[in-house]
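Notes for the one structure printed next.
The values are calculated or read from the model by the stated rules, or taken from the named source; none is laboratory data. As the structure is a prediction and not an experimental result, all values here were calculated from the model. As a convention, Cβ positions derive from the backbone with ideal geometry for all residues, glycine included, and neighbour counts pool all protein chains shown. In case anyone asks, the SASA skips ligands and DNA or RNA and just uses the protein heavy atoms, side chains included. Shrake-Rupley method; radii C 1.70, N 1.55, O 1.52, S 1.80 Å.
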Amino acid sequence: AAAGGELPRDASGAVDYTKDFFGKPSYLTVSGQLNAEIYACAMRDVYTFGPTFRAENSNTSRHLAEFWMVEPELAFADLQDDMDCAEAYLKHCLTHVLEHCDEDLEFFEKNISKDDLRERLRGVATSDFARITYTEAVDHVLKAKKKFEFPVEWGCDLQSEHERYLTEEVFKNTPVIVRDYPKGVKAFYMRENEDGKTVAAMDVLVPKVGELMGGSQREERLDVLERRIEEVGLEKESYWWYLDLRRYGSVPHAGFGLGFERLVQYVTGVENIRDVIPFPRFPGSAEF
């Protein structure tokens, strides 16, 4: 802001962003993924780990306005490779905690989760994840004999209650990977499938939490990516560097994001995600 707290404005009265710190509008990131794609295409397999921000007005036990995310990006990989990596990564994390943090887990089991926490984690670490399409997931929910707060139909995003029903009841406390979501509920950079209606996206769902990881194969075809950017109403000029990755030669690549606090929440049995981050920031609260 200018002296006196007034924002600089142009002749039309709009905010004059040429006087901004960066000389143009700038925003907090919701992901490091687009930048990681550049690194992956140069260095093959990479990951980022840093703070991410969401302005989603969700006051739930699973959401934060600021959290930390682990984001692997794999070159020469498709959706199948992406799902395999996500499953192996989660199993590795759980196995490591079970082998090296038994005393801590015993404490959480006795005082926080008050159930068979270690046995539950051991079961996930040693079992094959179920894998279904989004269409199959919707069919399971529609056939459920229980009532949900949010109705579901093909084309809408799955809610936490649907995700937990799938992993806890349909597949008996087994993690579930749901793939091939409608392109209307997913981001523009996800690779469009041959049916023209779905994209090569996947979410990893776990008991008691719901979605823990989400990822996709990225759209490496320049013409399709440009069309998708236009379809969702974004400005191609802002993504010139991202499009150049395709314009001057690209490779099939894929990746996913894991919300670190959700992983801690899942491993410890803590109910509220605000209790597993030192300085929680969420809608209506930025005290720290």
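Couple of notes before you dig in:
- Pairing residues of region 229-246 that are without any contact (Cβ under 8 Å) to a residue 60 or more places away in the chain and open to solvent by 50 Å² or more (accessible area, probe 1.4 Å) with residues that are assigned to a helix (DSSP H, G or I) and basic (Lys, Arg), at Cβ distances under 8 Å and at least 6 apart in sequence or on separate chains, gives GLU230/LYS236.
- Every residue from region 173-198 that is of a type in the set (S, T, N, Q) and surrounded by 20 or more Cβ atoms within 10 Å (Cβ to Cβ): THR198
- Candidate set from region 141-194 (those that are free of Cβ contacts under 8 Å to residues at least 40 places away in the same chain and β-branched (Val, Ile, Thr)); member that is farthest from ALA88 (Cα to Cα): VAL152
- Residue count for region 131-158, restricted to those that are closer than 23 Å to LYS197 by Cα and open to solvent by less than 30 Å² (accessible area, probe 1.4 Å): 7
- Single match in VAL209, VAL178 (criterion: in contact with a Phe, Trp or Tyr (Cβ under 6 Å, 6 or more places away or on another chain), modelled with pLDDT under 95 and closer than 30 Å to SER127 by Cα): VAL209
- Taken together, ASP102, ASP45, ASP116, ASP10 contain a single residue that is of a type outside the set (Val, Ile, Thr), exposed (fewer than 15 other Cβ atoms within 10 Å of the Cβ) and at pLDDT 95 or above, which is ASP102.
- Verdict on LYS110 being surrounded by fewer than 19 Cβ atoms within 10 Å (Cβ to Cβ) and either of a type in the set (Ser, Thr, Tyr) or closer than 28 Å to SER58 by Cα (or both): no
- Within region 81-93, none of the residues are touching a residue at least 40 places away in the same chain (Cβ under 8 Å), within 16 Å of the chain's Cα centre (by Cα) and part of a loop (DSSP other than H, G, I, E, B).
- Matching residues in region 18-49 - criterion: being hydrophobic (A, V, I, L, M, F, W, C), touching a residue at least 24 places away in the same chain (Cβ under 8 Å) and over 20 Å from ASP244 (Cα atoms): LEU28, VAL30, PHE49
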